[in-house]
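The values are calculated or read from the model by the stated rules, or taken from the named source; none is laboratory data. Note that the structure is a prediction, hence the values are computed from the model and not measured. A quick note on method: Cβ atoms are made from the backbone with ideal geometry, for glycine too, and the neighbour counts reach across all protein chains shown. The area values use the complete protein model at the heavy-atom level, side chains included, leaving out ligands, DNA and RNA. Shrake-Rupley method; radii C 1.70, N 1.55, O 1.52, S 1.80 Å.
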Amino acid sequence: IELLFVLSLLSLLASLLFPVFLSIRGQARQISCTSNLKQIGLSLMLYTQDNEGLYPYAVDPIDRAGSASWYSFPEFRAAVPRLQYVHEVLQPYTAPSAIWHCPADTGFVRGDFSNVTLNALPTSYEKFGTSYYYRTEIAARHASEASIEFPAEINMLFDPVGHWHGTLFPLAPRYNTLFVDGHVKSLTREQIDTAWRSPIVDSVGFL
């Protein structure tokens, strides 16, 4: 009876402490991921200074897998297969390359913001060299620092799926996001959808 009591007590303690442990580990991963994005934001500032204010004319792995989705930008669509990934373009400005690795990256098979199937397993970083994905419309529109009217509202780089930093019970996806002005936030799905809807002004002033 005493042994059963001890085992029951240990089980109770484990059930209480395990969620706390997961929460602490999740917070540590989110902090590390946020730090990565802030460093990448600094590298983007250096890149634009060296390239007349223009943001990288580059793609992410989802663009390569679903280039047909760029039918509204035929010139860019034709260029997608030969363009470098954004993390490759920024390589001279980012050291070490590990800042492109989100510690919560467990891979995915479909991004949350497109209908494109992509085998990003076992992790996106292992498969493609990056855990962070690009709002490639910035590249397709040849956007520059001067042409983006509301840089604090435009998502630049972000987690491609919300389960890396979100919760399952209840379902609450979250996305660490680097904005054009360099600040980083952890966003709900509703908040990042709002950022996606924020229009980008291209280099000649058209939407």
Take Asp112 and tell me if it is open to solvent by 20 Å² or more (accessible area, probe 1.4 Å) and either in a loop (DSSP other than H, G, I, E, B) or farther than 21 Å from Lys185 by Cβ (or both). yes
Taking region 34-76, which residues are open to solvent by 50 Å² or more (accessible area, probe 1.4 Å), touching a helix residue (DSSP H, G or I) at 6+ places or on another chain (Cβ under 7 Å), under 27 Å from Ala146 (Cβ atoms) and in a helix (DSSP H, G or I)? Gln39, Leu46
Working carefully through the options Val184, Val161, Val180, find the one that is at pLDDT 95 or above, open to solvent by 10 Å² or more (accessible area, probe 1.4 Å) and farther than 15 Å from Tyr55 by Cβ. Val184
Test Tyr125 against the stated conditions and say whether it is in a helix (DSSP H, G or I) and hydroxyl-bearing (Ser, Thr, Tyr). yes
Can you find a residue that is assigned to a loop (DSSP other than H, G, I, E, B) and charged (D, E, K, R) anywhere in region 174-186? yes
Suppose the filter is at positive phi and either at pLDDT 95 or above or open to solvent by less than 50 Å² (accessible area, probe 1.4 Å) (or both); does Gly107 pass it? yes
Tell me, which residue of region 139-156 that is over 9 Å from Ser198 (Cβ atoms) and crowded, with 19+ Cβ neighbours inside 10 Å is nearest to the chain's Cα centre (by Cα)? Met156
So which residues in region 77-109 are of a type in the set (A, V, I, L, M, F, W, C), part of a helix (DSSP H, G or I) and under 20 Å from Leu44 (Cβ atoms), if there are any at all? Val86, Val89, Ala98, Ile99, Trp100
In the set Pro122, Pro170, which member is open to solvent by 60 Å² or more (accessible area, probe 1.4 Å) and either touching a Ser or Thr at 6+ places or on another chain (Cβ under 6 Å) or at pLDDT below 95 (or both)? Pro170
Kindly list, by first and then second residue, each pair from a residue in region 166-191 that is on the phi > 0 side of the Ramachandran plot to a residue that is among the small types (Gly, Ala, Ser), limited to pairs with Cβ atoms under 7 Å and residues at least 6 apart or on different chains. Gly182/Gly41
Considering each residue of region 126-138, count those that are of a type in the set (A, V, I, L, M, F, W, C) and open to solvent by 10 Å² or more (accessible area, probe 1.4 Å), and give that number. 1
Quick one: would you say Tyr57 is modelled with pLDDT of 95 or more, in contact with a Leu (Cβ under 9 Å, 6 or more places away or on another chain) and of a type in the set (Phe, Trp, Tyr)? yes
Scan His101, His87 and give me the residue that is within 16 Å of the chain's Cα centre (by Cα), at pLDDT 95 or above, of a type outside the set (A, V, I, L, M, F, W, C) and open to solvent by 30 Å² or more (accessible area, probe 1.4 Å). His101
